[in-house]
Amino acid sequence: MEFDYATLLPWLFAMLATGVLAGLIAGLLGVGGGIVIVPVLYQILTAMDVDDDMRMHVAVATSLAIIIPTSVMSARAHHQRGSVDLALVKRWAAFLLIGVALGTLLAIVLSGETMTLVFAAVALLVAVQMVIKPDGMVWSDHLPSVPVQGLIATVIGSVSTLMGIGGGSLSVPTLGGYGFPIRRAVGTSAALGAIIALPGALGFVLSGLGQPDRPPFSLGYVNLLGFALIFPTTMLLSPWGARLAHSIPPRMLRIAFALFLGVTAARLFYQVLFD
């Protein structure tokens, strides 16, 4: 796409601010930054007049690229504290990869508007779950059969790839629902996120090569400028968010984030359906 580089400076600051917000939210709530990065980056790309059908693909792909190093570092830290269920990670890995492949194929054939609606719908469901049951919902004290686990992992892999998230917003409440302590659910989810993000980002790089109307500094659908600005600020601010979490009531935090997701989903629905 043609772009006036003289107007790039405001978007540089906007991307830095995105990293700050994503890092604080990740630290405060223990969720991946993708659930924040994708909608905010989508709005930045909208303001940059990036083509309608390109925005969500670039936002999702860039988010997945950012999640690769953040999830690896997070998984390593949790593993050192014994909070990663390695047996489950190994059991789910192949199914997650199948899900990532399905999600990547869907992203290739789906329009940007459809991907935006998928993100908005899932974000709204996550927000509703946080408001109705802020502390999580437990429906069993043990995991289901391996075939059912495989189906769950495949769905998490495909939906996470379509949304550009590491899966934490889906896998943490899922594992918690099967009786996982929250720290073990978060740690295991971080490891699952690394398995999702790496092939997911690679798929978006390959499928986006040669596509017209991409924003500047893009490798496939991954925007390298967004990656370079958002990743370090996310990592820098995440520990601050974790410290801040100890001074604010968890229920208040989760409800505030649910409101953020609800407003974000409503805005995306409006932009696609009525704008």
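The values are calculated or read from the model by the stated rules, or taken from the named source; none is laboratory data. Just so it is clear, the structure is predicted and the values come from calculations on it, not from any experiment. Every residue, glycine as well, gets a Cβ built from its backbone with ideal geometry; the counts of neighbours run over all protein chains shown.
For the range 150-195, what are the residues that are part of a loop (DSSP other than H, G, I, E, B) and aliphatic (A, V, I, L, M)? Can you show your working first?
Taking the range 150-195 first, the residues part of a loop (DSSP other than H, G, I, E, B) are 164-167, 178-181.
Of everything in the range 150-195, just one residue is part of a loop (DSSP other than H, G, I, E, B) and aliphatic (A, V, I, L, M), namely 165.
Would you check if residue 217 is touching a helix residue (DSSP H, G or I) at 6+ places or on another chain (Cβ under 9 Å), surrounded by fewer than 22 Cβ atoms within 10 Å (Cβ to Cβ) and of a type in the set (Phe, Trp, Tyr)? So that I can check it myself, show each step before the final result.
Details: touching a helix residue (DSSP H, G or I) at 6+ places or on another chain (Cβ under 9 Å): yes; surrounded by fewer than 22 Cβ atoms within 10 Å (Cβ to Cβ): yes; of a type in the set (Phe, Trp, Tyr): yes.
So residue 217 passes the test.
When the range 101-135 is examined, which residues are found to be in a helix (DSSP H, G or I) and among the acidic types (Asp, Glu)? Before you say what the answer is, go through the steps one by one.
Let us first name the residues in the range 101-135 that are in a helix (DSSP H, G or I), namely 101-109, 112-132.
Passing the criteria: only 113.
Residue under question is residue 220, and the condition is that it be more than 14 Å from residue 21 (Cα to Cα), small (Gly, Ala, Ser) and over 20 Å from the mean Cα position of the chain (by Cα); does it hold? Steps first, please.
Details: more than 14 Å from residue 21 (Cα to Cα): yes; small (Gly, Ala, Ser): yes; over 20 Å from the mean Cα position of the chain (by Cα): no.
It is false that residue 220 is more than 14 Å from residue 21 (Cα to Cα), small (Gly, Ala, Ser) and over 20 Å from the mean Cα position of the chain (by Cα).
So in the range 257-275, with the set limited to residues that are closer than 16 Å to residue 40 by Cβ and of a type in the set (Gly, Ala, Ser), which one is surrounded by the most Cβ atoms within 10 Å (Cβ to Cβ)?
265
Return the total of residues in the range 196-240 being more than 28 Å from residue 82 (Cα to Cα), assigned to a helix (DSSP H, G or I) and touching a Gly at 6+ places or on another chain (Cβ under 7 Å).
Number of matching residues: 7.
Considering only residues that are surrounded by 15 or more Cβ atoms within 10 Å (Cβ to Cβ) and part of a helix (DSSP H, G or I), which ones fall in the range 77-92?
Answer for the range 77-92, where residues must be surrounded by 15 or more Cβ atoms within 10 Å (Cβ to Cβ) and part of a helix (DSSP H, G or I): 78, 79, 88, 89, 91, 92.
Within the range 79-94, can one find any residue that is modelled with pLDDT of 85 or more, more than 17 Å from the chain's Cα centre (by Cα), closer than 30 Å to residue 20 by Cα and among the hydroxyl-bearing types (Ser, Thr, Tyr)?
For the range 79-94, residues modelled with pLDDT of 85 or more, more than 17 Å from the chain's Cα centre (by Cα), closer than 30 Å to residue 20 by Cα and among the hydroxyl-bearing types (Ser, Thr, Tyr): absent.
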